[in-house]
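First the structure, in the form of structure tokens, and then the observations on it.
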Amino acid sequence: MAGVKRRPFAMSWQAKLSALLIFLYALYAAGQLDFSLERFHNGLGHAATLLGRMFPPHIQQPDTLWQGLAESLEIAVLASVLGIIIALPIGLLGARNLMPSWASWPARAIVALCRSLHPVIVAILFVKAVGFGALAGILALAVASVGFIGKLFTESIEEISLKQVEAVRATGASFANVILFGVLPQVFARFIGFATYQFDSNLRNSTMVGIVGAGGIGGTLFSAFQRFDYDFVAAILITLIVIIMIGEVLARFVRAVFLDNLGFDTILQRRFSAARGLGKKPLNQQEDA
């Protein structure tokens, strides 16, 4: 009825019961894992002591630091490229609105398998298979890239409008042209977003896989922890934060180049114009002054 008003955020009794069960299980899990406010309070004191030993940061081994960072960057780039190349056909085969079930289910099984294990666990397996070094890290992060990009790419294809696909088919185009002109234009923007995010993720994960011997700056970071060189640890962490921020800026450049068809000169000009505009008052405020 039009006169009946529903309460906002109204929940059914099933939703309320589910929320209550989740809350009770959270309390039970906290008791089983010895989670207490006393331990948390004591941990704050230990964290303050650790931070005091980390500052000021000091780069004790600059050659080792820059070599590890360069290797982590190389691992992230190669793993992203390899993962994207493999994820493209697998993601396409997994789309149930375009492919038969005998092709989509094996592709989805491969994606699920790649997403089942954490990159560190996969890196340990590859270290055992191919030995220590960057190759194990590249293969581990490539597997993670296939799982992430393949899943999201498949879901994006399944959400497209089939009218454009049928229009291309009506022209007598081949299957490859249908994919090229009917499917990819609808998911290209999302795919660029997936690829740039995965590169950013691989850049972070290259540190973790290095801890288990799969190359990169992670090995240097773990060695610094073992030697209790916490000031060097702080220098490594700060450098990693800077690298991640630079990677985010580069990802924006990539989106602007591929999605907006802008040149580097135009992008830089817009960035500088925006930066100059931050220090200026709006026109109405200038008139009031």
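Structure summary
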{"read-out": "H118 vs. criteria under 22 Å from I244 (Cβ atoms), surrounded by fewer than 17 Cβ atoms within 10 Å (Cβ to Cβ) and over 21 Å from the mean Cα position of the chain (by Cα)", "value": "no"}
{"read-out": "Of all residues making up the range 190-217, the number that are touching a Phe, Trp or Tyr at 6+ places or on another chain (Cβ under 8 Å), of a type in the set (S, T, N, Q) and more than 14 Å from L78 (Cβ to Cβ)", "value": "1"}
{"read-out": "Among residues of the range 149-172, those that are open to solvent by 60 Å² or more (accessible area, probe 1.4 Å) and within 14 Å of the chain's Cα centre (by Cα), counted", "value": "1"}
{"read-out": "Unmet criterion (only one of (1) in contact (Cβ under 8 Å) with a residue 40 or more places away in the chain; (2) more than 22 Å from S116 (Cβ to Cβ); (3) open to solvent by 20 Å² or more (accessible area, probe 1.4 Å)) for F175", "value": "(1)"}
{"read-out": "Output for the range 192-213, where each listed residue is of a type in the set (A, V, I, L, M, F, W, C) and either under 13 Å from the mean Cα position of the chain (by Cα) or surrounded by fewer than 15 Cβ atoms within 10 Å (Cβ to Cβ) (or both)", "value": "I192, F194, A195, F199, L203"}
{"read-out": "From the options S161, S206, residue that is of a type in the set (S, T, Y) and under 30 Å from L65 (Cβ atoms)", "value": "S206"}
{"read-out": "Selection from the range 140-188 of residues that are of a type in the set (G, A, S) and assigned to a helix (DSSP H, G or I)", "value": "A140, A142, A144, S145, G147, G150, S156, A167, A170, A176, G182"}
{"read-out": "Odd one out for W105, checked against (1) under 24 Å from F191 (Cβ atoms); (2) open to solvent by less than 60 Å² (accessible area, probe 1.4 Å)", "value": "(2)"}
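Conditions tested, residue by residue: (1) more than 30 Å from L240 (Cβ to Cβ); (2) open to solvent by 70 Å² or more (accessible area, probe 1.4 Å); (3) within 20 Å of the chain's Cα centre (by Cα); (4) among the aliphatic types (A, V, I, L, M).
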{"site": "L21", "(1), (2), (3), (4)": "yes, yes, no, yes"}
{"site": "Y28", "(1), (2), (3), (4)": "yes, yes, no, no"}
{"site": "M54", "(1), (2), (3), (4)": "no, no, no, yes"}
{"site": "Q60", "(1), (2), (3), (4)": "no, yes, no, no"}
{"site": "P100", "(1), (2), (3), (4)": "yes, no, no, no"}
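Residues checked against (1) in a helix (DSSP H, G or I); (2) at pLDDT below 85; (3) more than 30 Å from L139 (Cβ to Cβ); (4) not hydroxyl-bearing (S, T, Y):
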site: G215; (1), (2), (3), (4): no, yes, no, yes
site: I241; (1), (2), (3), (4): yes, no, no, yes
site: F258; (1), (2), (3), (4): yes, yes, no, yes
site: N261; (1), (2), (3), (4): no, yes, yes, yes
site: G277; (1), (2), (3), (4): yes, yes, yes, yes
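The values are calculated or read from the model by the stated rules, or taken from the named source; none is laboratory data. These figures come from a predicted structure and were not determined experimentally. Because the Cβ atoms are built from the backbone with ideal geometry, glycine has one as well, and the counts that use them run over all protein chains shown. Surface areas here come from the heavy atoms of the whole protein model, side chains and all, with no ligands, DNA or RNA. Shrake-Rupley method; radii C 1.70, N 1.55, O 1.52, S 1.80 Å.
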